[in-house]
Amino acid sequence: MGRHSGRGWYGKVVGAALGVTMLAVGASVWTAQAGPVGGSSPKAAPSATPGTDVKPVAVTIAHSSDKGERGVNITIDDGPDPVWTPQVLDVLREYGVKATFCMVGTQAQAHPDLVKKVVADGHLLCNHSVSHDTTMDKQSRAYQSQQILDAERMITKASGGVRPLYYRAPGGAFTPYSRSVAAARGMRPLGWNVDTKDFEQPGADAIVATVQRELPNGPTLLFHDAGGDRSQTVEALRRILPWLKEQGYAFGFPVR
């Protein structure tokens, strides 16, 4: 999800339940995304699933598509949601498109049937943290690890054993440390090139226009299937997917 004010729509409820203590730090999300994993070397993160053989991946934030220059990646954030995720899945199935679903841990835990349905339809899973805290980059390393590793466990359990292959920080609030934690667990940090801003509910026409205007920025498109009324997103996808095919794009997954 693109960053907006506060802790996001999950944060107030779940963050309070977790008893989070917020720590102030000065780095912006964009500095955190761009910066190398440098400075003091982060300690190895604890294994989310002890004994599981997980291959580390690159710590850099992925944006490109495994389909090459004419590839495009559809990414869907914040679900699963019992109302909107099935509708998004229906549209993707109608056009034969596979997507990457960036799931919030609490949502996956609440709706394991939908997580399994996403996997059964051939889509990939992405870790979007436990509680969608868009201030992740201002939190302690212990908090960042907990949000990433607990969400990994929640999503993997909900899916029936299928692990998330990517990690997308809520609001893009990456830090060098959070990227290293995710990468050590085989989850490639995942960015985006086109923020459709569908969470603002600007209308399906505006969502479509944003994609058409900003697609030259890169192949990874950001949509949402939870956090509010997503009827505009569903309608926009119904128009965008065939348009992308007409333009000669191939649908793929973010590089790992």
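Annotations
- Some residue of segment 113-122 being in contact (Cβ under 8 Å) with a residue 60 or more places away in the chain, out of contact with any Phe, Trp or Tyr (no Cβ under 7 Å at 6 or more places or on another chain) and open to solvent by 40 Å² or more (accessible area, probe 1.4 Å): no
- Hey, residue 210 crowded, with 16+ Cβ neighbours inside 10 Å, polar (S, T, N, Q), without any contact (Cβ under 8 Å) to a residue 24 or more places away in the chain and out of contact with any Gly (no Cβ under 6 Å at 6 or more places or on another chain) or not: yes
Table: residues versus (1) open to solvent by less than 20 Å² (accessible area, probe 1.4 Å); (2) within 23 Å of residue 117 (Cβ to Cβ); (3) of a type in the set (Asp, Glu); (4) touching a residue at least 12 places away in the same chain (Cβ under 8 Å).
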position	(1), (2), (3), (4)
150	no, yes, yes, yes
153	no, yes, no, yes
163	no, yes, no, yes
176	no, no, no, yes
183	yes, no, no, yes
219	no, no, no, yes
225	yes, yes, yes, yes
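- Scanning segment 216-243 for residues that are among the aliphatic types (A, V, I, L, M) and out of contact with any strand residue (DSSP E or B) (no Cβ under 6 Å at 6 or more places or on another chain) returns 226, 234, 236, 237, 240, 241.
- All helices (runs of 4 or more DSSP H) inside segment 104-163 with 2 or more residues being polar (S, T, N, Q): 105-110, 141-159
- Filter pass, residue 125 being within 30 Å of residue 247 (Cβ to Cβ), open to solvent by less than 40 Å² (accessible area, probe 1.4 Å), touching a residue at least 12 places away in the same chain (Cβ under 8 Å) and out of contact with any Ser or Thr (no Cβ under 7 Å at 6 or more places or on another chain): no
- Scope segment 181-199; condition of a type outside the set (Val, Ile, Thr) and part of a helix (DSSP H, G or I); matching residues: 182, 183, 184, 198, 199
The values are calculated or read from the model by the stated rules, or taken from the named source; none is laboratory data. Predicted, not measured: the structure shown is a model, and the values here were computed from it. Every residue, glycine as well, gets a Cβ built from its backbone with ideal geometry; the counts of neighbours run over all protein chains shown. Ligands, DNA and RNA are stripped out before the accessible areas are found, and what is left, the full protein with its side chains, is counted by its heavy atoms. Shrake-Rupley method; radii C 1.70, N 1.55, O 1.52, S 1.80 Å.
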